[in-house]
C-alpha cells in the first residue's frame, strides 16, 4: 500500500490558503473570511484529484510575527511544512511582493522539497500584467498565477501537482465463480464478524470560550497541536487529530468555544454551525467546565447539545491546579445540581496546563465507548425487566391495565431499548425513568444516554 503524500499550504494571513484547501476538498471545510488570522490551527483532509490520485492536504494558519498567538501559529505551520512532501506557498497577487513573503519562501525552499509559488487573486488579465511578473524575481522553480475563488488557471496547478502525487494502485481483477463453496461462505461470515470490530472513536471537546479545550487536546496528544492563547475565541475552525490507544483509533475534535448567542459575531456564526455538525458525527463529548468559575447558564445550554445528539459524556472540570481539593465535594454537588439531565455522566478534575490526571481521560474514553456500543442480550434484558415489574408494576392508564410483555435492544450508540406492551402511550415518564434506573443498576451504562420507548408488538422500531 502506497503511503499518501502530504501537501502543505502555507503563506501569510489572508492570501487564500483556506480557499484553496476548500477547493481541493470540494467542500466548505475550512472557514474563510476577510478577517486576518481566521485560520489559526492545522486542518487535514484526504482528497482526490484527477479521479485516481489521493493525498493529504494540510491547511495551515497565516504566518505572522505580530503577536504571541501568531508566533505559535507560525511554529505549527512551519512544522507542517517540515513533515510535508510537497509545499504550496501562496502570496497575494493584489499587492507588490513583500519582504516577509520573500524571506518565508526562501526558508521553505531550503527544505529541498517540491515547492510551487502560487500568486493568488489574479482575477483577470489586468491583474496578471500588473503583479504576476513581479513575483518571478523570487526565482521559484514554478510560479503559478491563479485565482482560487474564480477557478482561474487551476488546470496548470493540478498539472504540476500530479507530478508529485502518484496514481492509486488498481485492485487486481477477480474472476467470480458461479457459486461460492461452503468454505467460502464460512470465510465470508468470519470476515464480516471481524469487520464488526468497532474500535474507531470520535470525541468532541466542547465548552465555553477559554475553558482550556485546546490545552487539553495538546495534553492528550502530548504535543502542541492546537493554538493556545488567553484570547477568548482563539479556536474558530474545529480541528481534529487521531491517535491510537489500547487498540482504538481516537479522533479528537477541538471545537470552537461557544459564546452567548447575542455575542456571536461574524465568522463565529460559522464556527457554531460547524461545531454542531461535528457533534452529529461524534460518539463521546468531553464537556469542559472552568472550575474557577463553575457552571454558568451557557454551560447548561452547551450541555443540552450533548443531550440533543445523544452522546456519551465525560464532564471535565479543568484548571483544578488552582483549586483546593477540599472544595471537590461542593464543586461536584453544584455541577450535579445544575446539570441534572447529565446525571449519568462521570466527572473528572484535571489541569490541562500541568497535566494533572489528564492521562486518565483516555482510559475513561475507551471504557465509555465500550458501554456506548454494547448490546445487552434479550434474555438478560428481560430477566431484569421481570425483576423491575415484580418490584413495581406499571401504573394504569385511565383505569386500564398496562401490560409489559418484553424488552429488546434494537440499536447501539446510544443503546436504545424497546418496551413491547399493549398500551405504549401508557409508559409514563416516571415509570420509564424507573426502568432506566433499574437497567443502569444491573448493566454498566455509566456515561451513556439510555433511550427507552414503548412499542406495540410488530411495530417498526423506527416508528415514532
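Things worth noting here:
- Hits in the range 19-65 (condition: at pLDDT 85 or above and in a helix (DSSP H, G or I)): 19, 20, 21, 22, 23, 24
Rundown of residues vs (1) under 32 Å from the mean Cα position of the chain (by Cα); (2) in a helix (DSSP H, G or I); (3) under 23 Å from residue 106 (Cα atoms), yes/no style:
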site	(1), (2), (3)
122	no, no, yes
127	no, yes, no
132	no, yes, yes
135	no, yes, yes
140	no, no, yes
149	yes, no, no
157	yes, yes, yes
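- Hits in the range 71-120 - residues which are within 13 Å of residue 145 (Cβ to Cβ) and part of a strand (DSSP E or B): 90, 91, 92, 116, 117, 118, 119, 120
- Restricting the range 97-108 to residues that are free of Cβ contacts under 8 Å to residues at least 40 places away in the same chain and more than 33 Å from the chain's Cα centre (by Cα) leaves a set whose member that is surrounded by the fewest Cβ atoms within 10 Å (Cβ to Cβ) is 99.
- Flag for residue 386 being in the same structural domain as residue 247 (by TED's automatic domain parsing) and either assigned to a helix (DSSP H, G or I) or touching a strand residue (DSSP E or B) at 6+ places or on another chain (Cβ under 7 Å) (or both): no
- When residue 75 is tested against (1) within 27 Å of the chain's Cα centre (by Cα); (2) under 18 Å from residue 13 (Cβ atoms); (3) crowded, with 16+ Cβ neighbours inside 10 Å, just one condition goes unmet, and that condition is (3).
- Qualifying residue in the range 122-133 (condition: in contact with a helix residue (DSSP H, G or I) (Cβ under 8 Å, 6 or more places away or on another chain), modelled with pLDDT under 90 and exposed (fewer than 13 other Cβ atoms within 10 Å of the Cβ)): no
- Screening residue 113 against (1) under 28 Å from the mean Cα position of the chain (by Cα); (2) at pLDDT 80 or above leaves a single unmet condition, (1).
- Residues within the range 153-175 that are modelled with pLDDT under 90 and in contact with a strand residue (DSSP E or B) (Cβ under 8 Å, 6 or more places away or on another chain), tallied: 4
- Within the range 330-353, being more than 23 Å from the chain's Cα centre (by Cα) and either touching a residue at least 60 places away in the same chain (Cβ under 8 Å) or within 13 Å of residue 291 (Cβ to Cβ) (or both) holds for 330, 331, 332, 334, 335.
The values are calculated or read from the model by the stated rules, or taken from the named source; none is laboratory data. None of the values given here were measured: they were computed from a predicted structure. Reconstructed Cβ throughout: ideal geometry from the backbone, glycine too, with neighbour counts over all protein chains shown.
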